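Everything below concerns the one structure shown next.
Values quoted throughout were computed directly from the atomic coordinates according to the rules given, and no laboratory measurement underlies them. Predicted model, so just to flag it, every value in this text is computed and none were measured. In this analysis, Cβ positions are derived from the backbone assuming ideal geometry, glycine residues included, and neighbour counts consider all displayed protein chains.
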C-alpha cells in the first residue's frame, strides 16, 4: 500500500488512498500521528499541510475533496511547512483550501483501532469506506449484476483499445452515478443509472434500471457508436421488440444511439435484431471509442470506480479464455 516519495530535503511514505474511507487504522499501527503531509488529487493537483493528527485531518479533507488519490506523510514540524510548500509547488499545481473546512475529530490510537478482542474489531459494515467503493459493493449486490458484468465486459473486449492500460485515464466507469448525459434531454423519471462508461468525457455505454408504474423492473442497455458515412439520419432508425436506435440527442457528437433490452441479450430463444451484423456493430463502437480516447479530453478520472473497473477487466479476461 505504501511507496517511498522524496521531495528534495524530505523523506515521505506514500499511501494509496483512492478508495479509502479512512487511514486511521493504518496510521495507528504505523504510529504516525503529527507531521507533514501532501495530498495528491486525480487531476494532478496537490495540497500541503501540517497536522497534530494527520489521520483525523485526512478524514476531514475527504469530506471536501473526494478525489484524493494518495497521501505522503513525514514526521516534521509546522516550521517546515513553508519550505515543503515551496518545493511541492514546483512539482504540481497547489489546490487552494476552502475558507470553511470540515471539523477535525480525534483519530483512534492503536489499541482502539486494532483491538485484541475480536468482537471489538471494525467490520466492513461499520468501517469508513470510500464512496466509490461503497457504490460498487451496492451495485455488486444487485440481482442482475452478474448479467451486467458479463455484457459490459464483452463490450470492453470488443470496443476498448488496450483496456487494462487505458482504464481511468482514457476510459472511465462509474457505479450508481449521478452523472448526467451530454444531451439536451432530461433523465427519465423512475430511472436509476447503474453503470456508466465514458471515453474522452463522452458516455458511450450506460445501463439503466427503469421502474414502471406496476412495479415491474426493466434493464436498458444504451450504447453509442459511430455513424456509417453512407447512412442518413432516417436510415439510422431501428425499431423492434428488443432494440430501438436512431441519431443520438447530443450536442457535441453525431452518433448512432442504441437502446437494447438487456434481458433479451441473455435469452437464448430471443432474437436481438440490430439491423446490422455483430462485427459491423463492434467496428462502429470501437471507432467512436478510439476517436474519443485519442482526443485526450477525458474529464471523469476523478469519478472512475476502480473496484468496478477491476471486476469488469477480470471478467473480460476470463471471457477471452472461455472462447478459446
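At a glance:
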{"quantity": "Antiparallel bridges, percent of DSSP beta bridges restricted to the chain (to nearest 5)", "calculated": "95 percent"}
{"quantity": "Stretch gain in nm, segment residue 169-residue 321, where the contour uses 0.36 nm per residue and the Cα spacing is subtracted", "calculated": "52.1 nm"}
{"quantity": "Rounded FRET efficiency, nearest 0.05, which uses the C-beta distance separating residue 229 from residue 147 and R0 of 45 Å", "calculated": "0.85"}
{"quantity": "Segment 2-129: C-alpha gyration tensor shape, a/c 1.5 cut-off, then a/b vs b/c", "calculated": "prolate"}
{"quantity": "Shape category assigned to segment 133-322 from the gyration tensor of Cα positions, a/c cut at 1.5", "calculated": "rounded"}
{"quantity": "Using alpha-carbon coordinates, inclination of helix 54-64 to the longest axis of the chain, degrees", "calculated": "40 degrees"}
{"quantity": "Order by protection proxy (mean Cβ within 10 Å, highest first), peptides 86-94, 167-175, 40-48", "calculated": "167-175, 40-48, 86-94"}
{"quantity": "Gyration tensor (alpha-carbon) shape descriptor, segment 54-103, a/c threshold 1.5", "calculated": "prolate"}
{"quantity": "Estimated [θ] at 222 nm from DSSP helical runs (n ≥ 4, -39500 (n - 2.57)) normalised by residues in the chain, nearest 500", "calculated": "-9000 deg cm²/dmol"}
{"quantity": "Highest to lowest packing among 303-313, 145-155, 73-83, scored as the average C-beta count within 10 Å", "calculated": "303-313, 145-155, 73-83"}
{"quantity": "Rounded tilt (10° steps) of 145-159 against the dominant C-alpha axis of the chain", "calculated": "80 degrees"}
{"quantity": "C-alpha long axis of helix 131-140 to longest principal axis of the chain, angle in °", "calculated": "40 degrees"}
{"quantity": "Relative contact order (%) - criterion: Cα under 8 Å, at least six apart; region: segment 133-322", "calculated": "29 percent"}
{"quantity": "Tail weight of P(r) past 34 Å, computed on alpha-carbon pairs of the chain, percent", "calculated": "36 percent"}
{"quantity": "Segment 2-129 - percent relative contact order, Cα under 8 Å, separation 6 or more", "calculated": "32 percent"}
